[in-house]
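So the structure is just underneath, and the comments pick up after that.
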Amino acid sequence: MLTRLALRARIATLALALAVILAGAYSVSKLRLELLPDIDFPLVTVSSFYPQADPETVLREVTIPIEEALNGVENVKTVTSISSPSISLVLLEAPFGKDMKAMEREVAQRVRQVPVPAGVQAPRVARINPDEFPVLVISVLSAQPLGDLHTLVTTQVLPEIRKVPGVFSAEVPVGFESGLTITRTNSLPSLAISVLKTPDANTLQVSNAVTARLQRLKAGLPADVQFIEISNQAPGIQRSINELTQEVLLGAVLAVLVIFAFLLSPRPTLVTSISIPVSVLAAFIVMAWQGMSLNILTLGGLAVAVGRVLDDSIVVMENVFRHIQLGEDRRTAALNATREVALPITASTLTTIAVFAPLVLVGGFISVIVLPFALTITYALAASLVVALTVVPVLGSLLITPGKHRGGHDSWLARRYTVLLRWSLAHKGLTLLAAVVLFVGSLALLPLIPVSFFPSSGQRVLSVDMAVPAATSRAAVVEQLTDVEGKLERMRRDNLVNVYQSTIGNSGVFGRGSGRPDTAIILVQLAEEVDVEETATALREGLAGQGRAITVSQESGGGPQSNNLALTLRGEDYQTLSSTADKVTTALRDLPALSNVRNDAVTLADPQGNGNQATITRVDGLRAVTISGTIEEQNTQAVQREVRLAVDRVGLPAGVELTTGGVFADIDEAFAKMGIAMLLAVALVYLVMVVSQRSLATPLVIIFTLPLASIGALGGLLVTQRALGLPALIGLLMLIGLVVTNAIVLIAFVEQLRARGSSLQDALVEGCRTRLRPILMTALTTIFVLLPLALGLGGESAGLIGSELATVVVGGLLTATFLTLVVIPVVYSIIRRKSPKRASPQTGPATGESPPASATAPQL
């Protein structure tokens, strides 16, 4: 019906397609640019400032009363509190998907009723999301005293920054005025400014507007005042968008070249390729309507979708061309050809979309982070199906002409394939045995493949965490920091580092710095030509020294960290916790895969010489000690096994329990939830095929393509030594929908041939020969689109949509496509021996369509 309507109003159809292109181009300009999409992290924080109070006093007079007041808040999973000198921080964590605004209101109402000692600033209640991480960190330097600089910044600079549209807050570090926080830039005393934006603001616009405002403001300030940019999300976002855009465009060009290589004719290539701009720009329209942003996830989804949006158009166009070569007039050929494949391409598109539905059901961080990626692909695929059923047949009826062309199912490739197919059908047992051996062999590769959670993809800023466990005074920490800064200064003079900012104490409620008096945080901005990972390794080795522990990680701009070790010990008796933590820490330091392992069970003498715990951590009302460190190897799952064995050797005394956080917990959650999602996706794909094909047995044949894809997917990861993490798992999930596409189109055509009177053997041979070209075209276009990602041609800013995902999809499609053409006909011949009810050979089953091409029909 849709195709017939489009062919009756061809001018209107093309006008609508042009309107979509124009509206899509306009929508792109309205999309917000972000590094990551807005994610409502299920955390509510309560922060309080109690000047000059030691941690025990902060715990007793502020933290515990707040904890008690928050007992009974609904949907709270964990309550963690950190009491450090002058600062109390209480964090309430809820499961993803809960109404965090309602929780924030309830928490704020309860906190207002908590009596706090005189001198305590009113507790601040806020929700944490990626936007709570500064989009811009600026250091202010001046020759004037720091007190005068603080006054100047708070009275003249911060009010101007807060006037910029989209700025949520601009702050200086908590405790700076009272001396609890020290900041230095390039070894000189300074004052840091952290700028946060509102959730609906454009990061690039906010960052650029604040930078421009500071430049104008500087003209009215003393000449010695300098603004030095330490961290800025805008360049990283722009770089990621530029690189992914290049990958999308390069992939699209490669896909068009693949189509032309098969068709050897510009007109069919043009007809097919129109699906790319129309489908992608239609997706932009829906994204703008939904209020989505343009970020590495949505752009990555488009990069992946570019290959798949061509599939439906390729199948329709190839069939239109074939019907025209049979002598039908062009309009009739376009209608009959599209009708012939409308149901299978609809089913294949729905199966590709259906694989993402379970992600909504499993919930958690995985669901939230992948949803924008899945929605973008869904919008593009839905648009591509409409294009294939309307625009492609219209253009085919206008541009495709009869002629003698090469490349059909009488080509040299088709002839050689036919020989292989007949051999496989005659040796079913050997064919199936070979497939089983390959599948089992691919599973045997799993122990040899690295396992991690997330690829490193952050800003060109490194965070250096320095701890001085044996420090007895603030001066001892400053002395160690001065030595570290001296080494960084030499790197700055060698043009390896642009700037570095050091903080002792707290750099803001949600910024860097733990508030611990025995630690310092140094943000290091690297030069553009410096390799981030190599420099991080060099800093871990070069900054280490007697009496201090160094941890180096890459700033992720709000994204998850991929190399952090986090273990938490909980119990009633703190002395037992402390001694156990020391034993576990000692055991973990012997593991070569870990560096900078330490725990927070340390003390620092106060000015009177009394021992005070530097930071007091509690989890759900129990005292806790955190063990942290850096994972130096890519295979974090192997490191996890080593850590568990080390802890088991130490043993935990009665009353002490261990919980795993950091990347270990992320890996466990990712594999558990993605495993459930894949099982549900297989079930959904099967149900979609059962409904569309009105058969229980035929979809079982198609499901056999799924294990065939794992052969290439796991083999690709092994050969490239890329990690099996969240991106690769998403790639495996996508393969569930992608690899069945060709099998659906193939088996649907074989079923049509059998319904029209062909024998089982003849239908399989004829159907496979006829569908060989469109199957190879659809697979190779997707493969070539993803090659820039798989080869890493776009750089290191692809984030979630990186080389791991592309490697899995490319490898899986390679093996699944080849084996689909060989193994699936064998499986079908076994399961579907009984012929379906035959229809008249002159017409289709119930449509009155013309029969398919004979073995001697002219082909493209």
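The values are calculated or read from the model by the stated rules, or taken from the named source; none is laboratory data. Quick caveat: nothing in here was measured; it's all calculated off a predicted structure. We place every Cβ from the backbone using ideal geometry, glycine too, and count neighbours over all the protein chains shown. Ligands, DNA and RNA are excluded from the accessible area calculation, which covers all protein heavy atoms including side chains. Shrake-Rupley method; radii C 1.70, N 1.55, O 1.52, S 1.80 Å.
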Residue in the range 172-182 that is out of contact with any helix residue (DSSP H, G or I) (no Cβ under 7 Å at 6 or more places or on another chain), free of Cβ contacts under 8 Å to residues at least 60 places away in the same chain and open to solvent by 50 Å² or more (accessible area, probe 1.4 Å) present: no
Count of residues meeting criterion [crowded, with 20+ Cβ neighbours inside 10 Å, hydrophobic (A, V, I, L, M, F, W, C) and under 18 Å from Arg722 (Cα atoms)] in the range 617-647: 2
Count of residues meeting criterion [within 17 Å of Val440 (Cβ to Cβ), open to solvent by 10 Å² or more (accessible area, probe 1.4 Å) and not hydrophobic (A, V, I, L, M, F, W, C)] in the range 691-711: 2
Residues located in the range 483-507, provided they are over 20 Å from Val140 (Cβ atoms) and in a helix (DSSP H, G or I): Asp483, Val484, Gly486, Lys487, Arg490, Met491, Arg493
Qualifying residue in the range 751-763 (condition: open to solvent by less than 10 Å² (accessible area, probe 1.4 Å) and under 25 Å from Thr269 (Cβ atoms)): no
The range 69-101: number of residues that are of a type in the set (D, E, K, R) and either under 22 Å from Thr568 (Cα atoms) or open to solvent by less than 10 Å² (accessible area, probe 1.4 Å) (or both): 2
Yes/no for Pro447 being at pLDDT 80 or above, assigned to a helix (DSSP H, G or I) and crowded, with 22+ Cβ neighbours inside 10 Å: no
Test set (1) closer than 23 Å to Leu263 by Cβ; (2) assigned to a helix (DSSP H, G or I) - Phe373 fails condition number: (1)
Failed item, numbered, when Phe262 is tested on (1) modelled with pLDDT of 90 or more; (2) part of a helix (DSSP H, G or I): (1)
First in the range 481-495 and in contact (Cβ under 8 Å) with a residue 24 or more places away in the chain, second anywhere and assigned to a helix (DSSP H, G or I) and open to solvent by less than 70 Å² (accessible area, probe 1.4 Å), Cβ under 8 Å, 6 or more apart: Lys487/Gly542
Which numbered condition Leu152 fails, given (1) touching a strand residue (DSSP E or B) at 6+ places or on another chain (Cβ under 9 Å); (2) at pLDDT 90 or above; (3) under 15 Å from Leu196 (Cβ atoms): (3)
Qualifying position, being in contact with a strand residue (DSSP E or B) (Cβ under 6 Å, 6 or more places away or on another chain), aliphatic (A, V, I, L, M) and assigned to a helix (DSSP H, G or I), among Leu214, Leu250: Leu214
Flag for Val484 being modelled with pLDDT of 85 or more, buried (at least 21 other Cβ atoms within 10 Å of the Cβ) and within 23 Å of Ser231 (Cβ to Cβ): yes
Which listed residue is surrounded by fewer than 23 Cβ atoms within 10 Å (Cβ to Cβ) and either in a helix (DSSP H, G or I) or at pLDDT below 90 (or both), from Gly799, Gly795, Gly767: Gly795
Pair list, Cβ < 8 Å and 6+ apart or interchain, from the range 1-17 residues that are under 17 Å from Ala383 (Cβ atoms) to residues that are open to solvent by 90 Å² or more (accessible area, probe 1.4 Å) and of a type in the set (Gly, Ala, Ser): none
Some residue of the range 701-723 being closer than 19 Å to Thr338 by Cα, in a helix (DSSP H, G or I) and under 29 Å from the mean Cα position of the chain (by Cα): no
Leading residue by the ranking (least open to solvent (accessible area, probe 1.4 Å)) among those in the range 409-433 that are modelled with pLDDT under 90 and of a type in the set (Gly, Ala, Ser): Ala414
